[in-house]
Amino acid sequence: MLDKAKRKLALAVLGMASIAPALTQAGPAQFTGSPLEGVNIEAIQELPMGGFKAVKADGQLFFISDSGRFVFRGELYDVWNTKKLDTMEAVLNATSRIQFSNFNIDPKEDLGAFTYGEGEKEVVVFVDPNCPHCHKLLNSLEQAKDDYKFNIVMIPVLGNDSGKRVRNIGCATDRKEAFGKLIAGSAPYGLEQVENCDLKPFQKALVTAKMFGVQGVPFIIAPDGRLKRGNPKDLKAFLEGGGA
């Protein structure tokens, strides 16, 4: 059975879910005149582990379910980076970065990615052919092509039509033409197709996207592992570590 302090923590987090669901290091939250009094929540961070949050409260790190019902303390490990997550700073770093180079994945060969740019630093970008924001991002790659190599991975997140377009573009005999259509957002279904096209890379791309927690596009993984969901205000500034 939870002791009184942990029970208060569970109630406090449940209360915070309706007040500030996106709270991360936003400063202490005090609850007075209620059963939550005395619980000082300093930071909450969503975890990519099926409905759990990391919570820093009264200087201690807890892990709690979204409902606030289940709370546990203990050692949490990031096996991708072989690190113990024993501070909120470590949790924030682990949940905001993916070191793509740690995985034995060749974006072009394994995920059917298009490549663009001549730079040594590699960027991975997940897009959907039917996504207007993705087209805007793809059109902005020109500004950074000399410094970065972009691996553009197509995934169908916007319905059945997206799936058809992913296959049509990815299996095109003329990949340069297909990529141009993808950037322009005008990919028709009539692109000449490779005979007996191998669909495994597209399936692997979906599995990889799910593993990385890609729930929307565009989704960018910078060379240093930082993640960006959606379009950055300034692509080059973001890639260089100075922009959002």
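Annotations for the structure displayed:
- Ligands, DNA and RNA excluded, the heavy atoms of K108 present near 110 Å² of accessible surface to a 1.4 Å solvent probe.
- Accessible surface ranking that places the most exposed of R73, R229 first, with a 1.4 angstrom probe: R229, R73
- Accessible area in the full protein assembly, largest first, 1.4 Å probe, for R226, R167, R69: R69, R167, R226
- Protection proxy ranking, peptides 118-128, 86-96, average beta carbon neighbours within 10 Å, highest first: 118-128, 86-96
- Residue-count net charge about N130 - beta-carbon cut-off 15 Å; Lys, Arg +1, Asp, Glu -1: +3
- Among the GluC sites (Glu not before Pro) in region 192-244, those placed in a DSSP loop whose Cβ has at most 13 other Cβ atoms within 10 Å are E192, E195.
- Proximal aspartates and glutamates relative to K145, as straight alpha-carbon distance under 15 Å, when same-chain residues fewer than 8 apart are discounted: E118, E120, E122, D234, E240
- Straight-line cross-link partners of K84 among the lysines, defined as a Cα under 30 Å from its Cα and at least 8 positions apart when in the same chain: K4, K6, K8, K53, K56, K121, K204, K210, K228.
- Point-to-point label distance, D78-H133, nm (Cα→Cβ direction, 7 Å offset): 2.3
- Segment K121-D224, extension gain: residue separation times 0.36 nm, minus the distance between their alpha carbons: 36.2 nm
- Surface composition of region 58-106: carbon and sulfur make up 48 percent of the accessible area, probe 1.4 Å.
- Per-residue SASA remark: D110, around 50 Å² accessible (1.4 Å probe; ligands, DNA and RNA not included).
- Net charge contributed by nearby residues that have their C-beta within less than 14 Å of I221 (K/R +1, D/E -1): +4
- Note on Y189: accessible area is roughly 110 Å² with a 1.4 Å probe, heavy atoms of protein only.
The values are calculated or read from the model by the stated rules, or taken from the named source; none is laboratory data. Computed from a predicted structure; not experimentally measured. Ideal geometry is used to build each Cβ from the backbone, glycine not excepted, and the neighbour counts take in all protein chains shown. For the accessible areas, the whole protein counts, side chains as well, though only heavy atoms, and no ligand, DNA or RNA atoms are used. Shrake-Rupley method; radii C 1.70, N 1.55, O 1.52, S 1.80 Å.
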